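Student: Take this structure, written in structure tokens, and hold onto it; I'll ask about it next.
The values are calculated or read from the model by the stated rules, or taken from the named source; none is laboratory data. Not measured: the values here are computed from a predicted model. Don't worry about glycine lacking a Cβ; one is built from the backbone with ideal geometry, like all the others, and counts go over all protein chains shown. These accessible areas exclude ligands, DNA and RNA; they are computed on the full protein's heavy atoms, side chains included. Shrake-Rupley method; radii C 1.70, N 1.55, O 1.52, S 1.80 Å.
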Amino acid sequence: KRLILVGPPGSGKGTQSPIIKDEYCLCHLATGDMLRAAVAAKTPLGIKAKEAMDKGELVSDDLVVGIIDEALKKPSCQKGFILDGFPRTVVQAQKLDEMLEIHGAKVDKVLNFAIDDAILEERITGRWIHPSSGRSYHTKFAPPKVSGVDDVTGEPLIQRKDDNAAVLKSRLEAFHKQTEPVIDYYTKKSIVANLHAEKPPKDVTAEVQKVLS
Ligand code: AP5
Ligand code: ZN
């Protein structure tokens, strides 16, 4: 399957991705995770992306399309993939269609994590992540076994630099202005499934499984 996860910051894309990945053996490409790794490693890409990310604005289409184009060539992504956080503009969606067309492929399903903005601040400000695996926790909704420590590796958890109320406002603005038109783009192709992303994680997982079965 070739799947896209779309939704505002904190809607649960990164939480559901590993579950979908394990069930269907897809490759999971999260542009946010890839960009954060590039920023941490101070690569040329990371240096270019950092300013926009810190402000909660989108990184340029050319940069992210380049990352995805490269990543989709990996053998593990040939049978299927989950794109988490891409495409986020209509231009990115069109470029993705072009990339897939070359191989006679297309997007099968777009999972829309629909949720009210009001719920997101608490989710975002309470999130802690394990940077190298991408696992995320929440102080209230999904606490780690030991406070501040990753369940699997025992390594320390950190908070994302853009996970504060002020930057969240810009991220939400970018979502409504630039990414909601992407949902319309796929709605016209009749491949969007709307999820109730405000529900507890297990309920959202059940909805995802129903859509994909
Ligand atoms: P990115 O990393 O993609 O961030 P985002 O879209 O803002 O999404 P989040 O990761 O914040 O939300 P999520 O839906 O994954 O939430 P999660 O499951 O962790 O992008 C970051 C930046 O990179 C962008 O601002 C931009 O600058 C740049 N960028 C990335 N892609 C780009 C692109 N294509 N084009 C241009 N620029 C790009 O959940 C959040 C919290 O809530 C967690 O603590 C979790 O435990 C908890 N939680 C999850 N589900 C539930 C639930 N059902 N109930 C209760 N709590 C829950
Ligand atoms: Zn995420």
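Student: Working only within region 134-167, note down all residues that are touching an Asp or Glu at 6+ places or on another chain (Cβ under 7 Å) and either closer than 26 Å to Val182 by Cβ or polar (S, T, N, Q) (or both).
Tutor: Within region 134-167, Gly134, Lys161, Asp162, Ala165 meet the criteria.
Student: Any idea how many residues of region 3-28 are more than 8 Å from ligand 1 (Cβ to nearest atom) and either in a helix (DSSP H, G or I) or modelled with pLDDT of 95 or more (or both)?
Tutor: Count: 10.
Student: What pairs can you find where one residue is in region 79-102 and in contact (Cβ under 8 Å) with a residue 40 or more places away in the chain and within 13 Å of ligand 1 (Cβ to nearest atom), the other is open to solvent by 70 Å² or more (accessible area, probe 1.4 Å) and part of a helix (DSSP H, G or I), and their Cβ atoms are less than 8 Å apart, with a gap of 6+ or different chains?
Tutor: Matching pairs, first to second residue: Ile82/Lys21; Pro87/Lys95; Arg88/Gln178; Thr89/Gln178.
Student: Something else now. With the requirement that a residue be within 22 Å of Gln92 (Cα to Cα), under 17 Å from the mean Cα position of the chain (by Cα) and open to solvent by less than 90 Å² (accessible area, probe 1.4 Å), what does region 187-202 give you?
Tutor: Val192, Ala193, listed by residue number.
Student: Quick one: which of Ala105, Ala93 is closer than 18 Å to Tyr186 by Cα and at pLDDT below 95?
Tutor: After ruling out the rest, the residue left standing is Ala105.
Student: Tally up the residues in region 178-204 that are in a strand (DSSP E or B) and out of contact with any Asp or Glu (no Cβ under 7 Å at 6 or more places or on another chain), please.
Tutor: Restricting attention to region 178-204, the residues satisfying the condition of being in a strand (DSSP E or B) are 192-196.
In the following step, the residues that additionally are out of contact with any Asp or Glu (no Cβ under 7 Å at 6 or more places or on another chain) were identified as 192-194.
Adding up the residues that qualify gives 3.
Student: Answer yes or no as to whether Gln16 is within 16 Å of ligand 2 (Cβ to nearest atom) and under 23 Å from Lys189 (Cβ atoms).
Tutor: Criteria met by Gln16.
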